[in-house]
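Shown next, in structure tokens, is the structure this report addresses.
The values are calculated or read from the model by the stated rules, or taken from the named source; none is laboratory data. All values reported here derive from a predicted model rather than from experimental measurement. Cβ placement follows ideal geometry from the backbone for every residue including glycine, while neighbour counts extend to all protein chains displayed.
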Amino acid sequence: MDIWRWVSATKRELRQSGHGRLADLMSELPTLVCDDEHGRVEAVVPEALALARAARKPWVEVFIRHWALQSRVLHRYEAREHLADAVELLEFANREETRQCPQSICVVQDLAACYSCADGPGYVKERLAVASETLGRIDPSWPCFRCISIEHADALRDDELHAEALAFLQEQIDRAVEAGVSDVPRFVTARVGALLALGRVEEAWALMEDHEAEPEGGASREVDVELLRTRVLAALGRHAEAKEAMPSFEVVQPTPSHYEDYVEAIDALLEGGVLPNDWELGKQARTMMARAETNGAWFLATRLAAFATQWAVARGAFTVARAALEDTERLCGHLRKPERIGVDALRDAVERTADRAVPLLADDPEQVRASLPGEPEAALEILEHARRRWPEDEPLVVMQARGLAACGLEARAEAQLREHVEHHPDAELALTELGRILLAQGRHDALRALVEASMQGEGLRAQGLWLRASSHMRLDELDGAAQCLSELLRLDPDARVPRHRLASLELRRGHHAEALAHLDVLAQSLPPGEHDWDRMTAATIVGAWAQLRDSARRLELEFEGLDAEGPVDTPMGLCRVRFIEEDGTHNDYFAQRRSPVCARVIQMAGPKRPEHFADLVVFDAGPLNLDEKGDEKGDDQEDDGDDWIALFPVVHVVSPGGLRCWSLDGTHPGEQAWSSLEGALQAMGGVVDVRSDERYRHVDPDDGETELPGVFAYVCLPKELPATELHARLRALTEGWEHPLVWPEVVLELPAGEERERAMRWVEEISERYEL
Amino acid sequence: MTADPSLKQTKVDLAGLMKVLGEHLYSSPNVAIRELVQNAHDSCVRREVESSLPFEPRIEVSTDANAHTLSFEDTGAGLTDEEIERYLATIGSGYTRTLRDSGHEGLIGYFGLGFLSAFVISERIEVWTCSYQDPERAWSFSSRSGQSYVIQPAPARPVGTRVTLHLASRFEELSRARPVRALLERYCGLLQVPIHCGEGPAVNATPPPWRRDEPEPNPVRRRREALEVVRRFEPGFEPLCTLPVRSTPDDAVDVRGLLWIQDGATYGTSDNRNVSVFVRGMLINDDERDLLPAWAGFCGAVIESDALQPTASRESLQKDPTYQAVQACVRESLIEGLRGLASEQPAAWRTVLRRHNEALLGAALCDARLFDLLCDELTVPTSQGDLAVATVLQRSGGRLHVSQADRGGFEELLFRALKVPVVQGVRYGALPFCRTYAERRHGRLVMVGTQGGDRELFRRQTLPQDQTERLQAWFGGDSAEVVPASFAPEHLPLVVVPDREAELKQRIESDEADKRIASAVLGLARQFTGTLVERPLLRVYVNLGCEVIPALLDATPERAEAALALLRPLLGLLSEPEGDRPLMPIDEALAGYCRAVTQIARGEA
């Protein structure tokens, strides 16, 4: 049975029945999986599944779900999260309507893979049974003959039966040859792995060199092959070449199926002395371990923890080694055969390091803190000893927690802090640090629980409220944040940063007067600063001109009207302002600054976007494009720092321009006629902006030769002017022109009916004739 | 018949080779034009290198539709009779190779096979040449089949070479100027030596923007010129804007060129990548799409890099470390270019976002820098239209509700009542984009219709046991687990959801599964379902925040019963429409409702 023939026939049929998109996705999904493009797999799968279900194609659904699991389980080792999916798919693929689907066989592999990813050696018996049972149902002509055979051999290898695995694979090759299949599988990577384990390195290399003959397997397989090549070369003692062949961590990191070979390869390179064993390597191992653990890939996580322990021991990082050992021991609890890890030997090694690591200490905790080295593991070693000597010193507790977090040991950092606060319920520094860690990890519920349980006491309440407010801010819960900050200010009216934060929040919530009140308080108690800019923003919105001028003076701004009264309205140069539109997207427009925090829009948006021309807006004076200022640009960029124009976010529209934009397009009627049209439109309250230049030209449709000057313009007119009236006025104003002008958007806005139809035909005809 | 003393045999099996060349090595017979221009070009370079006398390098390509000929004339080095023997008639020993091996840059050819490609399209080839080494003597070379050739002295002519192809009838269209000029513009537009064909300026008169010493100062004109150049290489779409490709001194290779973004709407996985590659000024391949990242299905590129190695056919490139370095450089240029576009050409940027929103959602998932650039620019499809994620968060109080169902289900009703947007997770890229947004920026992802999502939406509450039991009896009986909870909106008293795990457990552990699923794998599946607690297949969340429920719990048994007659039908109305076994069939629910209302109207309740 050739699954790919079925896939190809199905795609053809889907296309013929109008399901082209589904057919495309069927093509793309396996490619994306094999290329380790798992982000894009996730982008595609929900849509493909929904299309397959809508088209009532259960076989295609099996195909898509299988490939999704290939990505999620076989490549990404998300065994825990998707075990239920694999069981569901098995059940689905064995229903009456699906069991004949050729891909149904493969879902067996998805379920077996969940167990092999979770704890391969622990489930050898079951996996062998499943693989044998499945191989009994197919012959070598099936593509899954290859995959299931590899799964069988992997199970044997997980039981350390490498020679048996080799023999089994050879038997499978013979079976395929005997069956006369055109594309005999050679199982190169599986066999090289087994040969390496058996120490038959030369044979492994010979086979490796043959790998070109193996069929293409995409970018993911390339990485597998590179890792194996690294390991084989290292085993051959060719360490420099091995290092050359080694893929980078960035390549490997997104896909946990490469982790095991990667750490084996690293280990071989460390042994060869061609790679530095440093704290960053430790962090890499921890990153991979954490991912494997989150995924419920227990055996892999335990192996990674064991490697991390071993490497940390080798570089004398006792704290990290002990943490990794504890992880190894903890993770072993998930394994059916923990003896495979060799924890005892690791424990001995860690204890030996503990004897070695005795850093010198300063005489008091403050000195220790001041003289810590920058390298986090080294700092941790010192802190570890300092803590033993001054166990109650709170700043040391906090520094140790930060050091642990820097080495990727966040859980230990949290545990240390929790232990400290358990005995010292008033430890403000430790509690705050704990809160920060929870906030950084996005564990908002845990943060709330911490604050409610431990930060209600008098000295701690304000800190607790600050943490809760920060959490609300992260979640964009403005009301909750404002509530916490208000309560905080009741407790501590002099708290400046919270007051400033609350003022900004009130501005965002549209509570401008409240914002101004807070900013007034800040202006009274603080030297001039950012709060004065915010104060001017709030003051402009509520029309508090005295406060605006007060802050301007404090900031030593100078402008016309500074000493007058009433609104400030004086030209202050060009800027750009950013509007957030209804759908959340934004548009930027040029504007004329009229006060330090106020501007009038002078750029038309055009008919296709919301029009803001002539809007008078108040903005936040912190430019959004500071990073563009003074950047080194390439030679062909004419812009330089001097041309930089600030871009400000609009906070409030003080007075909308009330205009709507329409376009005019056609042949230029000559200066006189155009001026009179412009004059008439201006008399209607309009503003005209000619967008075209002398290069815009048409060919006279009458002779097909003469070039005519074109004109394309925007005209902004009062919103309330009805399209019917505008249409009639434009017709009257352009009557008698030799060549016509059209106004497509006006026509589209006409009330449905004969006039609109006629006008639309007219626009289409003119546009076509003049190639507008 | 007497053998002509000047008639000689070429030194290979040409008939066989022609077949190989025509059918395998070169994908298109047009390649012959490229190869002959290349020979002419290299000949001019050779003369510059070897001769101290000044001359004006020039290539003239001319056509004669009546005679069915195509000619290439150059002012290059020309050939002596001995060189004709050595280079024209011996496969694989082009002089260019000799010259390049001695360190001369600027030469294109390599394999010495170029001239032979001319035989693929010709019945007869004539060459007139005069070498700068011996300007007094000119030679002609002619060959009919390629198998044998004649060399003889020719009338005096200026230094240089003229090659005339008498085209085979299948290729007669190459004796017309227009298609030939178009081919020349395409293949040879970047060569240094001026190439003329028909009327008008040289086909390569204007150097591409990246070759200029001084960039065009006017930004509008600069953009327009760049667009004009890339239009020549983009057959499918109008380019929206261009972005420069330029390697930095830190890059391993020197690459220059232009990228463009296509003005055709794409969907998530559309792949319209289009890349033309020039090596030493000659177009090698116009379908080298792998040089662009896989996520850039909406882009095209024309690039030039002399570090790339063409394959033998010179129609594709060797996939070596240099190729990978060029790939990396193009990717960086694209990402940097998009960043620059956002700040420097906001109007073009908006159009790019509008046209390629879905494709960019996918791209943002592949590169963290793109995600940062795009996360607040792109929109995701929601029940309230396409919205930026920040807006979804704002309207939903910091949560990102994502549904994987097409439509329907209690969720739709729930969210309609809540008036918050629900992201349509089944559309391309929407779900992982939201997930990444929640992870990297802020917000909480709530997967509607999953157990985790349900936990978020329906916060469990504890009640005294007797009240819990009453609720269980009223709304669950034996067929559903009743969970006291509180959730919004407060005027929704209850919601019925299926318990997928309980359903799965029942199916896998049934006897019927033994009949259809093989035993070993079923055993593995049952290891999983064995860990699940046995529960009813449905769950009813009862909303304690809705005034109806506390009122019911406080009511006398009679009043409660009357109210329940009105409330219970909701179990049928608020269930998933596709549930296998509804808690209350819809007809029963409606009938119950009618009965209750009738009783109230008649004063019987």
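Kindly indicate whether A:R191 is in a helix (DSSP H, G or I), in the same structural domain as A:A165 (by TED's automatic domain parsing), within 30 Å of A:L29 (Cβ to Cβ) and not hydrophobic (A, V, I, L, M, F, W, C).
Yes; evaluated as a whole, the condition is true for this residue.
Count, please, the residues in region B:282-319 that happen to be charged (D, E, K, R) and either under 25 Å from A:L32 (Cβ atoms) or not assigned by TED's automatic domain parsing to the domain that holds B:R231 (or both).
Result for region B:282-319: 5.
For residues in region B:392-415 being farther than 24 Å from A:D445 by Cβ and free of Cβ contacts under 8 Å to residues at least 24 places away in the same chain, which is farthest from the chain's Cα centre (by Cα)?
B:R407
Given the conditions (1) more than 30 Å from A:Y589 (Cβ to Cβ); (2) surrounded by 22 or more Cβ atoms within 10 Å (Cβ to Cβ); (3) modelled with pLDDT of 90 or more, and given that B:R280 satisfies all but one, which numbered condition is not satisfied?
Going through (1) more than 30 Å from A:Y589 (Cβ to Cβ); (2) surrounded by 22 or more Cβ atoms within 10 Å (Cβ to Cβ); (3) modelled with pLDDT of 90 or more one by one, B:R280 breaks only (3).
Got a number for residues in region A:97-109 being at the interface with chain B (Cβ under 8 Å from one of its Cβ atoms) and at pLDDT below 90?
The number of residues fulfilling the criteria is 1.
Tell me which residues, restricted to region A:556-578, are part of a loop (DSSP other than H, G, I, E, B) and touching a residue at least 40 places away in the same chain (Cβ under 8 Å).
Within region A:556-578, none qualify.
Taking region A:218-263, which residues are buried (at least 17 other Cβ atoms within 10 Å of the Cβ), modelled with pLDDT of 95 or more and not in a helix (DSSP H, G or I)?
The one that is buried (at least 17 other Cβ atoms within 10 Å of the Cβ), modelled with pLDDT of 95 or more and not in a helix (DSSP H, G or I): A:T255.
With the requirement that a residue be among the acidic types (D, E) and under 11 Å from B:H356 (Cβ atoms), what does region B:229-274 give you?
Correct list: B:D263 only.
Quick one: is B:L492 crowded, with 19+ Cβ neighbours inside 10 Å, more than 14 Å from chain A (Cβ to nearest Cβ) and in contact with a Cys (Cβ under 8 Å, 6 or more places away or on another chain)?
yes
Restricting to region A:1-25, count the residues that are loosely packed, with under 14 Cβ neighbours inside 10 Å, at pLDDT 90 or above and under 18 Å from A:P58 (Cβ atoms).
2
Go through region A:444-471 and report how many residues are at pLDDT below 90 and either closer than 17 Å to A:Q416 by Cβ or among the charged types (D, E, K, R) (or both).
3
One line per residue, one yes/no per condition, for (1) of a type in the set (V, I, T); (2) out of contact with any Cys (no Cβ under 7 Å at 6 or more places or on another chain):
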residue: A:D36; (1), (2): no, yes
residue: A:V41; (1), (2): yes, yes
residue: A:V44; (1), (2): yes, yes
residue: A:E47; (1), (2): no, yes
residue: A:L51; (1), (2): no, yes
residue: A:R56; (1), (2): no, yes
residue: A:W59; (1), (2): no, no
residue: A:R65; (1), (2): no, yes
residue: A:V73; (1), (2): yes, no
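Quick one: count up the residues across region B:501-535 that are touching a residue at least 24 places away in the same chain (Cβ under 8 Å), more than 8 Å from chain A (Cβ to nearest Cβ) and either among the hydroxyl-bearing types (S, T, Y) or outside any loop (DSSP other than H, G, I, E, B) (or both).
Matching residues across region B:501-535 total 4.
Check whether at least one residue in region A:143-163 is within 14 Å of chain B (Cβ to nearest Cβ), under 23 Å from A:H258 (Cα atoms), part of a loop (DSSP other than H, G, I, E, B) and acidic (D, E), and report yes or no.
no
List the helices (runs of 4 or more DSSP H) that sit entirely inside region A:1-85 and contain at least 3 residues that are within 14 Å of another protein chain (Cβ to nearest Cβ) and either of a type in the set (G, A, S) or within 30 Å of A:L300 (Cβ to Cβ) (or both).
Because the criterion is at least 3 residues that are within 14 Å of another protein chain (Cβ to nearest Cβ) and either of a type in the set (G, A, S) or within 30 Å of A:L300 (Cβ to Cβ) (or both), the helices (runs of 4 or more DSSP H) in region A:1-85 that meet it are A:20-34, A:38-54, A:58-69.
Would you be able to tell me the number of residues in region B:454-465 that are more than 14 Å from chain A (Cβ to nearest Cβ) and either within 19 Å of B:V548 (Cβ to Cβ) or within 46 Å of the chain's Cα centre (by Cα) (or both)?
Of the residues in that region, 6 qualify.
So, in region B:582-605, exactly how many residues are at pLDDT below 85 and surrounded by 11 or more Cβ atoms within 10 Å (Cβ to Cβ)?
So the answer is 6.
Every residue, every condition in (1) on the phi > 0 side of the Ramachandran plot; (2) assigned to a loop (DSSP other than H, G, I, E, B); (3) free of Cβ contacts under 8 Å to residues at least 40 places away in the same chain, yes or no:
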| site | (1), (2), (3) |
| --- | --- |
| B:A562 | no, no, no |
| B:M584 | no, yes, yes |
| B:L590 | no, no, yes |
| B:G603 | yes, yes, yes |
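Can you tell which of B:D263, B:D254, B:D250 is more than 21 Å from the chain's Cα centre (by Cα), over 27 Å from B:A118 (Cα atoms) and modelled with pLDDT of 85 or more?
Checking each option against the conditions leaves just B:D254.
So which of B:L365, B:L445, B:L387 is of a type in the set (A, V, I, L, M), within 9 Å of chain A (Cβ to nearest Cβ) and within 27 Å of A:A84 (Cβ to Cβ)?
Result of the check over B:L365, B:L445, B:L387: B:L365.
If only one of B:S117, B:S140 is crowded, with 16+ Cβ neighbours inside 10 Å, closer than 21 Å to B:A32 by Cβ and either free of Cβ contacts under 8 Å to residues at least 40 places away in the same chain or basic (K, R) (or both), which one is it?
Only one candidate passes the filter, namely B:S140.
Output the qualifying pairs, or none if there are none: Cβ atoms under 6 angstrom, residues six or more apart or on different chains, first residue in region A:277-297 and over 22 Å from A:G403 (Cβ atoms) and not assigned by TED's automatic domain parsing to the domain that holds A:R412, second residue of a type in the set (D, E) and crowded, with 20+ Cβ neighbours inside 10 Å.
A:N295/A:E78
Restricting to region B:297-347, name every residue that is closer than 30 Å to A:G606 by Cα, touching a helix residue (DSSP H, G or I) at 6+ places or on another chain (Cβ under 6 Å) and either in a helix (DSSP H, G or I) or small (G, A, S) (or both).
B:G297, B:I335, B:R339, B:L341, B:A342, B:S343
Exactly one of these conditions fails for A:A54: (1) modelled with pLDDT of 90 or more; (2) in contact with an Asp or Glu (Cβ under 7 Å, 6 or more places away or on another chain); (3) of a type in the set (G, A, S). Give me its number.
Unmet for A:A54, out of (1) modelled with pLDDT of 90 or more; (2) in contact with an Asp or Glu (Cβ under 7 Å, 6 or more places away or on another chain); (3) of a type in the set (G, A, S): (1).
Can you tell me which residue in region A:307-343 is surrounded by the most Cβ atoms within 10 Å (Cβ to Cβ), limited to those that are over 21 Å from A:A413 (Cβ atoms) and of a type in the set (D, E, K, R)?
Out of the qualifying residues, it is A:R340.
Could you check B:A328 against (1) over 30 Å from B:Q451 (Cα atoms); (2) surrounded by fewer than 18 Cβ atoms within 10 Å (Cβ to Cβ); (3) facing another protein chain (nearest Cβ under 10 Å) and say which number it fails?
Only one criterion in (1) over 30 Å from B:Q451 (Cα atoms); (2) surrounded by fewer than 18 Cβ atoms within 10 Å (Cβ to Cβ); (3) facing another protein chain (nearest Cβ under 10 Å) is unmet by B:A328, namely (3).
So, A:T328, is that one part of a helix (DSSP H, G or I), touching a residue at least 60 places away in the same chain (Cβ under 8 Å) and among the β-branched types (V, I, T) or not?
no
Take A:V124 and tell me if it is in contact with a His (Cβ under 8 Å, 6 or more places away or on another chain) and either surrounded by 19 or more Cβ atoms within 10 Å (Cβ to Cβ) or within 13 Å of chain B (Cβ to nearest Cβ) (or both).
no
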